[in-house]
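Report on one structure; see the data block that follows.
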Amino acid sequence: MMSWLLILLPLLGALVVIASPARLARHLALATSLLVLGVSIAAALVFTGWGNGAYGLTAALDWLPQAGIVIQVGADSVAFILVLLTTMLMPLAILGSYTAVQVRQKEYYGWLLALLSAMLGVFLARDLILFYVCFEFTLVPMFFIIAIWGGANRGKACVKFLIYTFTGSLITLAAFLMLAWSYADAHSGVWTFAIEPLTSHAAGLAASDQAWLLLALLIGFGVKVPLFPVHTWLPLAHTEAPTAGSVLLAGVLLKLGTYGLYRFALPMCPDAVVTWAPVIAILSIVGILYGALICWVQTDVKKLVAYSSVSHLGFCVLGLFALNPMGLEGSVLYMVNHGLSTGALFFLIGMMYERYHTRDMRQISGLARVMPVWATFMVFFVLASVGLPGLNGFVSEFLCLIAAFTAGDGGAYPGVLGPWFAAFAALGMILAAMYLLIMVGKIVFGPVQTPAHGHDDNDLPVDLSVREIVVLIPLAAGCIILGVQPGIIIDSTATSIADTLAVYPPIIEQASTHVGATLDAMVMGGAP
Amino acid sequence: MSLLSMLSSSVLTAAPVPVADVHQAFDMGWAGLILWLPLLSLIACGCCAMMRCTSKLPAWITVGSLAGSFVTAMFLYLNYEPPGDVVNIVRWIDLSWVGGGFEANISFYIDSLSLLWILFVTGLGTLIAFYASEYMETDLGSGYCRFFAGVSVFLFAMSALVLADNLVLLYLGWEGVGFASYWLIGYYYTKPEAVAAAKKAFIVNRIGDLGLALAVYLCWTSFGTVQYDELVTVIESGDYARMTDDWSVAAIPWLLMLAAFGKSAQLPLYVWLPDAMEGPTPVSALIHAATMVTAGIYLLARMYPVFLLDGDHTALHVVAWVGGLTALLAATIGMAQYDIKRIMAYSTVSQLGYMFMGLGVLTTYGAAYHVFTHAFFKAALFLTCGAVMHGFAGQLDLRKLSGLRHMKGWKITSYAMLIGCLCLAGFPFTSGYFSKDAILAEAFVTHGPGFQWLGFMALFTAGLTAYYTFRVWFRVCAGPVSYEAGDDHHGDDHGHDDGHFHPHAPRFAMNSVMAIIAIGALVAAVPYFMDSGVKGGWIADMVNDSTASEGIPAVRAAADHAADHAHGSLFGYDPHVAMYWVSGGVGFIGIAIAAWLHLFRREDAVSLRRALLSRSATAWLPRAMERKWYVDEIYHALIRAPLWVGSHVLHGIDRILVDMVLVDGTAKLPRLLGRWVQPLTNGTVHASATAMAGGVALLVIVVLLILHLGVFA
């Protein structure tokens, strides 16, 4: 019941927002999102999936049972953590838009709430139909948010965003349909779209079939993540989107990709994953280093943070495909942590942009003197992003790397990657410090310099207003709490992750010689 | 107090670590105060900043809480029984829910090595914070709060580094001190040089941190743990080739070395430390001289068992040579600088080189003792330099200052600096004399590749050290009184309105701290003679109690090995006794040359430099020394410039090749196809329907084809 409430409440709110006067739109939207947050917290309290691998908050709705279409909802602990991340970010995104969005407010807030509904639908779906519908539906509100309230280059950005991700997910849809057909074929014509039976069916397919499935899933989810080399929609979309759009893109929409990989790719095609994990890991590592190096030469702060997502999400995927509990745990933590710290960075850049109407590092410097509160938050979230131990980013990055480092089938933690993977990925740590500190050095420190047209008269104070501080405080608190007590998430998701990985040790053991050969071939350039 | 006890009470639910000979002290949660007090002070300083506090309150809060940390550390020392305790404070990264899982908690490993470090870290931290309360008073207000918040962060991180019971918490401290250093070097953040120096420090340190991170991963994969006590047990049992080949264990020392050389400013990663002098001087004294930069020595001493696993000690030989070469190189650069703070910075690099040499030649206690004495005398030197800088409006050029000891109010500064200089120069019977000799003598008697030459090189460097040290003192404190003010006119109390510059002498807080630390530098010689039945006194006793020297068969064997040689001879004498005479003599020569060139006949120094520069055969030498042997330039050409170009190329590739050609090009394909079938898209319903039917048919055909090919058969 609560799952339905979570999905439908924002939609209802969207309708209310559209129907009521424009001057109330933002307040109504905020109230709705807070209500959803409240429901999600209440749901978290009654959620039965914490600390065990089970699904909680489940419900089903027979829609077209003859065709196997039964809409099922529910979440395991990993999904529910992401639900909480989403419901927490949305009120902040709405509150953060209070002054930034001046035109067509009703539609704006309506779309945001519709987006919330779709995002929650993805995480709460237990069948492919609902999952796919919601997954695709996230594109629509985001398309309009970029297209109407975006920056100067918004036309190109929104079209590219839509077509790029839509094309990717069509291939995923094809794979889903094939999988369902294959299931029906094997079960004398009984169709289902529920995720669990399909997963166990897929895991039993031949390795070559699994490889096709993995490829199709990777194309869809890889674009979303984004994995190198299908990342180019992201810098454009992030840069052109309004602040709330960037925050939600970075905070939640990118996680749809990694969540998809976690939910479908890993359990559905274990044999193929073991074979191809090194290749995917190499793509992630290329993404980490490539994204980071490109960040270094950016002059647009927002673009810099956007490219840093390419780099950061590389760690997240690397952790997933390390195929051991440390890696998956690190990856799940990374999804949350990246949402907090990068989301906050986008907020901060938005706040700066609202005041100075530029994001060009060459035009602006020394803001610490002008906006000390803003500067404090900026430095704080940059440090969280760099992975300073004690803050959240460190724990996830550390776990992803140590997981990638672990190879072989010995001990309690098997792994399919190895030291070289981690060593190259770890170079990303140095590069992250370089580009983020250079950005801080330019815009926060140094002699004061602001654009000639100076402060705008949009009645914002010079430094942050109370509303803006209220937006940032929960994110900062999250960074500290998850940095010091990552156990909150680790303990609650442990069993889900262990269950997901349960199929892997025997496969890895069986394949270890093969993987080793593949690795050697890739590193040494010899024949496999 | 309830809050404090709540904070310090252990929130730990993790299973205790089953190690036989290290007892678990759950009742020692109060030890956590060493961490929590600086953290509280950080929060309090933040509150002060928010309340727009313009008094010295942040300083008193910081000094008070650091003193509390020191007292707690004292209690720990008094309660200490070998071999040590693991004190669990808070659960942190814990994946032990799967058998043999990864675990790294916020727990302390209290043994003599960590106690030695935490005592001088918190003690000097308190004193220097007190000194800074006066030094920073021109910045009362938000800057003052920011400064003391930074000091608190530093002490928090440094305590975590030193007390950690596992490598991950050590890593937290390691990065934390790097961050605190970034914060404080960049304190004058409107100065571009300060921002650049801060950034450089953080990034160069990150290179070292990469080594540490990889070493931690390797420890995990090879030994199956990152906790010291378990690590020692595993190494002792020899049962550690769990997953990898031999290379993984062999690689750990080299990665640790990278980390240590970054943090402790050794070749080739020393370049950040001289630039770090952009920070306020108390910071230079505390972080960049006395405490943080010794973290590298601590790390290697802590992980000494891993270094000794290799029977040939190859890694240690490299440590010794890198240390020796860094000592020499930094000393030659220090000789040619005019900025007294930079001279002290290079001398720190040089002295850290000695400490690494000590580790390399198997005298961990010598290295630790030199860390200990150096912390005092170098702090004294920096604090006196700071007093000069403070009083003369930022003047640091030794050519523009002279005869300070004859001026009113500068006596304590001058003589505290003299004591520091004597110790640094290794003047007989000062603390630096004994600690340096412990290392020098071992260099001559330990077997290693060219260690004899290393010993002579270190001896030569000791002479250079005496020279450049007294070059500063003879120039600044001795000679006739004359001075020029610097150009740093912050505040209005320098009295410029009458057209004359009046230096303002240090007052109570600075004077008392300089006096205490200078006396401490002298007294630091005493532990060497505190009888504990071991050669080397109290310090050796402390170090020998820890994993750095005992408890592990391999280490004990190596220690015996070293002991054998220590009874060997140098020029036919006991090496330590011989070294007393030799190094004392070398020190005298250095001081005498300094006295000649910089006290009695200062014009000779100028003409000597001119003579060297005028001959093309010798001109390169002073130039290279003044330009710091071009190391920064080499870095730029070899690493930064290629990366920078590469990044631009990648950015171009990303925009043009990946995005425009591949992505947009692919996107154009449908349009080309569309042209071809354009008649179908002329907008009429009929055509649309045809197109749709055709599309569906195409999809069906594709699906059937795939099915036919048996993809999912």
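The values are calculated or read from the model by the stated rules, or taken from the named source; none is laboratory data. The model shown is predicted, which means the values in this text are computed figures rather than measured ones. Glycine also receives a Cβ, built like all others from the backbone with ideal geometry; neighbour counts cover every protein chain displayed.
Please give the helices (runs of 4 or more DSSP H) falling wholly within region B:71-190 in which 2 or more residues are polar (S, T, N, Q) and away from chain A (no Cβ under 14 Å).
By residue number, B:112-135.
Name the residues in region A:474-490 that are within 13 Å of chain B (Cβ to nearest Cβ), within 21 Å of the chain's Cα centre (by Cα) and in a helix (DSSP H, G or I), would you?
A:Ala476, A:Ile480, A:Ile481, A:Leu482, A:Gly483, A:Gly487, A:Ile488, A:Ile489, A:Ile490
So, A:Leu293, is that one out of contact with any Pro (no Cβ under 7 Å at 6 or more places or on another chain), modelled with pLDDT of 90 or more and either in a helix (DSSP H, G or I) or of a type outside the set (Phe, Trp, Tyr) (or both) or not?
No, not satisfied.
Residues being hydroxyl-bearing (Ser, Thr, Tyr) and more than 25 Å from B:Leu308 (Cβ to Cβ): count how many of those fall in region B:349-402.
The total comes to 4.
Kindly provide the set of residues from region A:231-252 that are closer than 21 Å to A:Leu173 by Cα and buried (at least 24 other Cβ atoms within 10 Å of the Cβ), ordered by number.
Once the filter is applied, which keeps residues that are closer than 21 Å to A:Leu173 by Cα and buried (at least 24 other Cβ atoms within 10 Å of the Cβ), region A:231-252 yields A:His231, A:Val252.
Those residues that are in a helix (DSSP H, G or I) and either at the interface with another protein chain (Cβ under 9 Å from one of its Cβ atoms) or surrounded by fewer than 16 Cβ atoms within 10 Å (Cβ to Cβ) (or both), I need them from region A:145-158; list them, please.
A:Gly155, A:Lys156 - these are the residues of region A:145-158 that are in a helix (DSSP H, G or I) and either at the interface with another protein chain (Cβ under 9 Å from one of its Cβ atoms) or surrounded by fewer than 16 Cβ atoms within 10 Å (Cβ to Cβ) (or both).
Keeping to region A:333-387, report how many residues are buried (at least 24 other Cβ atoms within 10 Å of the Cβ) and not in a helix (DSSP H, G or I).
Residues flagged as buried (at least 24 other Cβ atoms within 10 Å of the Cβ) and not in a helix (DSSP H, G or I) within region A:333-387 amount to 1.
For B:Glu236, are the conditions met, namely being in contact with a helix residue (DSSP H, G or I) (Cβ under 7 Å, 6 or more places away or on another chain), among the acidic types (Asp, Glu) and crowded, with 23+ Cβ neighbours inside 10 Å?
No; evaluated as a whole, the condition is false for this residue.
Given the options A:Ala29, A:Ala44, A:Ala25, name the one that is part of a helix (DSSP H, G or I), more than 15 Å from A:Met88 (Cβ to Cβ) and modelled with pLDDT of 90 or more.
A:Ala29
Would you point out which residue out of B:Ala315, B:Ala367 is small (Gly, Ala, Ser) and surrounded by fewer than 24 Cβ atoms within 10 Å (Cβ to Cβ)?
B:Ala315
Go through (1) more than 7 Å from every other protein chain (Cβ to nearest Cβ); (2) part of a helix (DSSP H, G or I) one by one and return the number of the condition A:Ala433 breaks.
Only one criterion in (1) more than 7 Å from every other protein chain (Cβ to nearest Cβ); (2) part of a helix (DSSP H, G or I) is unmet by A:Ala433, namely (1).
Might you let me know whether region B:626-633 holds any residue that is away from every other protein chain (no Cβ under 14 Å), of a type in the set (A, V, I, L, M) and either under 19 Å from B:Met335 (Cβ atoms) or surrounded by 14 or more Cβ atoms within 10 Å (Cβ to Cβ) (or both)?
The answer is yes, given that some residue of region B:626-633 is away from every other protein chain (no Cβ under 14 Å), of a type in the set (A, V, I, L, M) and either under 19 Å from B:Met335 (Cβ atoms) or surrounded by 14 or more Cβ atoms within 10 Å (Cβ to Cβ) (or both).
Return a yes/no flag: does region B:223-241 have any residue that is in contact with a Cys (Cβ under 9 Å, 6 or more places away or on another chain) and either away from chain A (no Cβ under 13 Å) or not hydroxyl-bearing (Ser, Thr, Tyr) (or both).
Yes; the residues of region B:223-241 include at least one that is in contact with a Cys (Cβ under 9 Å, 6 or more places away or on another chain) and either away from chain A (no Cβ under 13 Å) or not hydroxyl-bearing (Ser, Thr, Tyr) (or both).
Using beta carbons and a limit of 6 Å, which pairs, at least six apart or on different chains, have the first residue in region B:43-72 and farther than 14 Å from B:Val151 by Cβ and the second one assigned to a loop (DSSP other than H, G, I, E, B) and modelled with pLDDT under 85?
Going by the 6 Å Cβ cut-off, the qualifying pairs are B:Thr54/B:Leu140; B:Thr54/B:Gly141.
Return yes when B:His651 is surrounded by 13 or more Cβ atoms within 10 Å (Cβ to Cβ) and within 14 Å of chain A (Cβ to nearest Cβ) and no when it is not.
Taking the combined requirement at face value, the residue satisfies it.
Just give me the residues in region B:194-218 being within 10 Å of chain A (Cβ to nearest Cβ) and either under 22 Å from A:Met326 (Cα atoms) or assigned to a strand (DSSP E or B) (or both), in sequence order.
B:Asp209, B:Leu210, B:Gly211, B:Ala213, B:Leu214, B:Val216, B:Tyr217, B:Leu218
Yes or no: region A:302-325 includes at least one residue that is within 26 Å of A:Met88 (Cβ to Cβ), in contact with a strand residue (DSSP E or B) (Cβ under 8 Å, 6 or more places away or on another chain) and surrounded by 24 or more Cβ atoms within 10 Å (Cβ to Cβ).
Taking every residue of region A:302-325 in turn, none turns out to be within 26 Å of A:Met88 (Cβ to Cβ), in contact with a strand residue (DSSP E or B) (Cβ under 8 Å, 6 or more places away or on another chain) and surrounded by 24 or more Cβ atoms within 10 Å (Cβ to Cβ).
So which helices (runs of 4 or more DSSP H) are wholly in region B:226-310 and hold at least 1 residues that are in contact with a Leu (Cβ under 8 Å, 6 or more places away or on another chain) and farther than 22 Å from B:Leu325 by Cβ?
Here the list reads B:228-237, B:246-263, B:281-285, B:295-302, B:304-308.
Looking only at region A:491-500, how many residues end up being within 7 Å of another protein chain (Cβ to nearest Cβ) and among the acidic types (Asp, Glu)?
Total meeting the criteria: 0.
If I ask for residues that are of a type in the set (Ser, Thr, Tyr) and under 25 Å from the mean Cα position of the chain (by Cα), which ones from region B:55-104 would you list?
Matches in region B:55-104: B:Thr62, B:Ser65, B:Ser69, B:Thr72, B:Tyr77.
Could we say that A:Ile443 is more than 9 Å from every other protein chain (Cβ to nearest Cβ), within 24 Å of A:Ala244 (Cα to Cα) and over 26 Å from the mean Cα position of the chain (by Cα) here?
When the stated conditions are applied, A:Ile443 passes them.
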